[in-house]
Amino acid sequence: MGAFTTLTSKGQLTIPKEVRDALNLKPGTRFHVGVRNGQVVAVPKNKKLADLVGILGKPPNGVSLSVAEMSEAVMDAAADDDARIVREWKNGTS
């Protein structure tokens with residue numbers, strides 16, 4: 001499914017009604033917008049992490065992680081980042 005739309009001078013796109021209806025998009029839905037293989041990709045934030053499995057293709061190292069393993073890795077990274085910020089703040093280097 002797809003439809004044509006036009007980019008405005010303010011960089012805005014209107015998502016056609018048939019696409020909004022098919023994806024159950026409502027006013028205020030937030031999107032993550034990125035570039036993949038030279039195309040604009042807009043992923044509505046109303047999706048669960050499990051719905052996005054495989055969206056990026058196969059991992060470069062060939063190792064797949066479960067949703068639980070990914071969640072743990074994100075939590076570990078956030079904890080490490082928090083510790084770094086606190087350390088820099090205490091040292092006055094931020």
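The values are calculated or read from the model by the stated rules, or taken from the named source; none is laboratory data. Everything quoted here is computed from the prediction, not taken from an experiment. Neighbour counts run over all protein chains shown; Cβ positions are idealised from the backbone, glycine included.
Observations
- Residues that are surrounded by fewer than 10 Cβ atoms within 10 Å (Cβ to Cβ) and touching a residue at least 12 places away in the same chain (Cβ under 8 Å) within the range 27-48 comprise Arg30, Lys45, listed in sequence order.
- With respect to being without any contact (Cβ under 8 Å) to a residue 40 or more places away in the chain, surrounded by 10 or more Cβ atoms within 10 Å (Cβ to Cβ) and touching a helix residue (DSSP H, G or I) at 6+ places or on another chain (Cβ under 6 Å), Val74 falls outside the description.
- Taking the criterion of being part of a loop (DSSP other than H, G, I, E, B), under 27 Å from Gly57 (Cβ atoms) and β-branched (Val, Ile, Thr), the residues of the range 1-37 that qualify are Thr5, Ile15, Thr29.
- Test: Val86 is assigned to a loop (DSSP other than H, G, I, E, B), among the hydrophobic types (A, V, I, L, M, F, W, C) and more than 27 Å from Arg30 (Cα to Cα): no
- Test: residue in the range 54-63 that is surrounded by 11 or more Cβ atoms within 10 Å (Cβ to Cβ) and either of a type in the set (Ser, Thr, Tyr) or on the phi < 0 side of the Ramachandran plot (or both): no
- Asn61 falls short on exactly one of the conditions (1) of a type outside the set (Ser, Thr, Tyr); (2) assigned to a helix (DSSP H, G or I); (3) without any contact (Cβ under 8 Å) to a residue 12 or more places away in the chain, and that condition is (2).
- Hey, Val40 modelled with pLDDT of 90 or more, part of a helix (DSSP H, G or I) and farther than 30 Å from Glu72 by Cβ or not: no
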